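A.B. asks: Below you'll find the structure I mean.
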Amino acid sequence: MPQSHWLIPAGEGIGFKVNKGQVIRVTDVEGEQVADFVAYRADDTTERIDPNVTMDALHKMKVRPGDILYSNKYRPILTVVADDVGVHDFINASCRPEMYEFLYGKKNHASCHENLTRALEPYGLPEPDQHYAFNVFMNTVIHPDGSISVERPLSKAGDAVELRAEMDLIVAVSACPCSESACNSYACTPIRVEVVD
């Protein structure tokens, strides 16, 4: 029987398969920790979760239970079943080593890009130019003057999001390794992932 629950250590990532109809529960174990979440159609990996298409289809940036997350082909890929927080990010690409060098002067920093790429490699997915993730628990604020800031997540210990797969999927999740900003409240902690029928 395939594994159905994982505790992702701070700063690391995992990949797994999910069948249509199963629910993925992503839990912030200690609070204020972001999880980058990507999903690909299992039998055609040219189709993937697409935050930009989701915003276009829903005409909004905040999702609620019952809302659909869409693929790059404008088809339902996941449905939000439950959400303890209600604030997540659709606009930021996954962090990558070049970002840490550009913003913080740090070379060879762990990143969600690398975590997700490694997690998907066993399923035959090549490294993309960029991972465009559903950034669970990430609190990105767009200010009236058009400036953008990443603030501390609003998630508390034990808060979770539940997503139902609308097709067979290959999923990867990264417990974001950024401790340099408010993104994870300046300290990285674990993420729990469960798959339930």
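Here, each number is a calculation from the coordinates, and none is a lab measurement. All values reported here derive from a predicted model rather than from experimental measurement. Glycine also receives a Cβ, built like all others from the backbone with ideal geometry; neighbour counts cover every protein chain displayed.
A.B. asks: Specify whether the C-alpha gyration tensor of segment 72-188 places it in the rounded, prolate or oblate class, a ≥ b ≥ c being the square roots of the eigenvalues: rounded for a/c under 1.5, otherwise prolate if a/b is larger than b/c and oblate if not.
C.D. replies: Here segment 72-188 falls in the oblate category.
A.B. asks: May I pose another question? Between segment 1-65 and segment 134-197, how far is it from one alpha carbon centroid to the other, in angstrom?
C.D. replies: 10
A.B. asks: Which order results if V195, V18 are arranged by neighbouring Cβ count within 10 Å, fewest first?
C.D. replies: In increasing order of surrounding Cβ atoms, one gets V195, V18.
A.B. asks: About the Cα centre of segment 5-196, how large is the charge dipole given +1 on each Lys and Arg Cβ and -1 on each Asp and Glu Cβ? Please answer in debye to the nearest 20.
C.D. replies: For segment 5-196, the charge dipole is close to 240 debye.
A.B. asks: With a ≥ b ≥ c taken as the square roots of the eigenvalues of the C-alpha gyration tensor of segment 82-135, please select rounded if a/c is under 1.5 and otherwise prolate if a/b is larger than b/c or oblate if it is not?
C.D. replies: Judged from the Cα gyration tensor, segment 82-135 comes out oblate (a/c at least 1.5, b/c at or above a/b).
A.B. asks: Could you list M61, M138 so that the one with the fewest beta carbons within 10 Å of its beta carbon is first and the one with the most is last?
C.D. replies: M61, M138
A.B. asks: Next up: Going through the cross-link list K20/K73; K60/K106; K20/K156, which pairs have a Cα-Cα distance over 24 Å in this structure?
C.D. replies: Those over the limit are K60/K106; K20/K156.
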